[in-house]
Amino acid sequence: MGVTDAPQWLSQAFVRSCRAAGATAEQDEIDEVAHELLGRWTEPERHFHNLRHLTDVLMRVDELAEETHEPDLVRLAAWYHGAVFDAAERTSYAGRGGEDEQASAVLAREQLTGLGVPAASAERVAYLVTALRRHNPDPDDFDCAVLCDADLAVLAAEPQRYKAYLEDVRAEYAHLPVEAFVRARIRILERLTERPRLFVSPLGAAWEEPARQNTAAELHRLRKELGRIEAAAASAPAGAD
């Protein structure tokens, strides 16, 4: 899907959030930034972190919006949270994947202040974006909790959607050898499952059980797959590639 295929309501939603955040720029300036952001989210190397993911996160934010203090700043943070993305091999999937939250936060701060959004609000959006790097929000920061929960909501998807999510993530990192990807994915899942809670907001708590079921099943499958890989390597003749 390219920018021209993006639903019109999406760019209009960005404009509304900018205006609600205090943007004073002309309409065409905001439209231009929306178009540039849509271009980022439709880059061809994105298989999961793409326009569908953006719209999913925005819809999840709307579901949880009553728990936020500044819902439009949370929506803007959703727009920017994966705006800078690189799935190249030099990026550690187990470390942070391809999302560059720091660079995305800088982009948010620059573009939003350029549109006349007050500096404090632009800074708040940038902070929310960088908080996703940890995905461990302060439960008293309701805006941050909602954004993190919305971003992780895919973990609670129904089985077929979860399967499609896994396929998209693997396609995004197709350059990684199978063993490297499996090990990285296991580390990510282990960090998640060790948490006392995956979802921090009260409404997001409803996603906890299905997410636990999905991640536990995936982790079990991946550990079995890694065991087969290690067994095959151990039985291979010495010096074999």
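The values are calculated or read from the model by the stated rules, or taken from the named source; none is laboratory data. These numbers come from a predicted model, not from an experiment. Note that we place each Cβ from the backbone using ideal geometry, even for glycine, and neighbour counts take in every protein chain shown. When the accessible area is computed, the model is the full protein with side chains, heavy atoms only, and any ligands, DNA or RNA have been set aside. Shrake-Rupley method; radii C 1.70, N 1.55, O 1.52, S 1.80 Å.
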- prompt: Among the residues of the range 61-89, how many are in a helix (DSSP H, G or I) and within 28 Å of Phe181 (Cα to Cα)?
  reply: 3
task: Would you please name the residue that is farthest from Ala108 (Cα to Cα), looking only at residues in the range 4-13 that are at pLDDT below 95 and crowded, with 17+ Cβ neighbours inside 10 Å?
output: Ala6
- request: Mind checking which helices (runs of 4 or more DSSP H) fall wholly inside the range 127-241 and carry at least 3 residues that are open to solvent by 50 Å² or more (accessible area, probe 1.4 Å), among the charged types (D, E, K, R) and within 21 Å of Val57 (Cα to Cα)?
  value: 159-172
task: Starting from the range 132-146, keep only residues that are of a type in the set (Phe, Trp, Tyr), then list their pairs with residues that are open to solvent by 80 Å² or more (accessible area, probe 1.4 Å) and modelled with pLDDT of 80 or more whose Cβ atoms are within a distance under 7 Å, requiring at least 6 positions of separation or different chains.
output: Phe142/His69
message: Being out of contact with any strand residue (DSSP E or B) (no Cβ under 6 Å at 6 or more places or on another chain) and under 30 Å from His69 (Cβ atoms) is the requirement here; does Glu218 meet it?
response: no
query: Can you find a residue in the range 79-91 that is among the hydroxyl-bearing types (Ser, Thr, Tyr), surrounded by fewer than 22 Cβ atoms within 10 Å (Cβ to Cβ) and at pLDDT below 90?
result: yes
field: Pairs, first farther than 14 Å from Gln213 by Cα in the range 159-173, second in a helix (DSSP H, G or I) and open to solvent by less than 60 Å² (accessible area, probe 1.4 Å), C-beta under 6 Å, six or more apart
entry: Tyr165/Val154; Tyr173/Phe181
statement: Condition set touching a helix residue (DSSP H, G or I) at 6+ places or on another chain (Cβ under 9 Å) and free of Cβ contacts under 8 Å to residues at least 40 places away in the same chain, scope the range 14-35, selection nearest to Gln111 (Cα to Cα): answer is Ala34
